[in-house]
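Readers should treat all values here as calculations from the given coordinates under stated rules, not as data from a laboratory. In this text the structure is predicted, and so the values were computed from the model without any measurement. Note that each Cβ is placed from the backbone with ideal geometry, even for glycine, and that neighbours are counted across all protein chains shown.
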Amino acid sequence: MIAFVSGQVAALAPDTAVIEVGGVGMAVQCAPGTLAALRVGEQARLATSLVVREDSLTLYGFADEDERQVFELLQTVSGVGPRLAQTMLAVHRPDALRAAVAAGDEKALTAVPGIGKKGAQRLLLELKDRLGEPVGAGAGRGVGAPVGASWREQLHAALLGLGYALREADEAVAAVEPQAEAAAQPDVGALLRAALQSLNRTR
């Protein structure tokens, strides 16, 4: 089990960071909010979870240990695989998921692409009393950090990385532009959540 990777960021893609560890480039699948806080050439430390399949080994990366634990717990729910679990964490931080489950908030869960009413009900049923209460671990951790004028490019790339078509990504970026322009320093993580919710409403 690879619990974390630490090293220089060698490359970034819409859904992947390559971290150089001991001369080896480790490809780590990350949510857009996590990627937004990374910079090529700078040091980074990501908590990781290794997902083993018959034909692949995939390393998923997270901003902190709490996020990794929630990612693994989400996959214990029937019908939830690593990609959907990561998408859930792209839309909602761990404490937001805890709050949604504690309150039985189906609407918050169906805001995640790929989760319908039945899926939300299953998540609420199977995660009840397992996620726990919000702990405030996500505060001030730097995910979704302000990225200044490049928010459009980062958000667009993140949406494409999550599998949306070019036209859908363009429309989602346009939908959140007023929110971004109103902020002195646009927060890519918050904009991504708003963009995903706008896409979910139009489907």
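Using a cut-off of 9 Å between beta-carbons, work out the net charge of the residues near residue 31 (Lys and Arg +1, Asp and Glu -1, residue 31 not included).
Numbers: positive: none; negative: 15, 67.
With Lys, Arg at +1 and Asp, Glu at -1, the net is -2.
At 222 nm, what helix-only mean residue ellipticity would the chain give, in deg cm²/dmol to the nearest 500, using -39500 (n - 2.57) for each DSSP H run of four or more?
Values: 9 runs with 93 residues, N = 203.
Per the formula, -13500 deg cm²/dmol.
Just to check I understand the Karplus step: with θ = phi - 60° and J = 6.51 cos²θ - 1.76 cosθ + 1.60, what whole-Hz values come out for segment 78-90, glycine and proline as x?
4, x, 9, x, x, 5, 5, 4, 5, 5, 4, 6, 6
If you average the alpha carbon positions of segment 1-77 and of segment 101-115, how far apart do those two centres end up, in angstrom?
Centre-to-centre distance over Cα atoms comes out at 25 Å.
Using the charge dipole of the chain (Lys, Arg: +1 at Cβ; Asp, Glu: -1 at Cβ; taken about the Cα centre), state which of 120, 80, 186 has its Cα farthest towards the positive end.
Result: 120, furthest along the dipole toward the positive end.
Between 155, 57, 35, where does the largest GNM mean-square fluctuation fall for the chain, given springs only between Cα atoms within less than 10 Å?
57
Calculate how large, on average over all directions, the projected area of the Cα convex hull of the chain is; give the answer in nm² to one decimal.
On the way: hull surface 46.4 nm².
If you wrap the Cα atoms of the chain in a convex hull and average its projections, you get 11.6 nm².
Given the options 37, 165, 108, state which has the largest fluctuation in a GNM of the chain using a 10 Å cut-off (strictly under) for Cα springs.
The residue that fluctuates most here is 165.
Just how large is the dipole of the chain about the Cα centre, in debye to the nearest 20, putting +1 at every Lys and Arg Cβ and -1 at every Asp and Glu Cβ?
Numbers: 19 positive and 23 negative charges, 92 e Å.
Using only the charged Cβ atoms, the result is roughly 440 debye.
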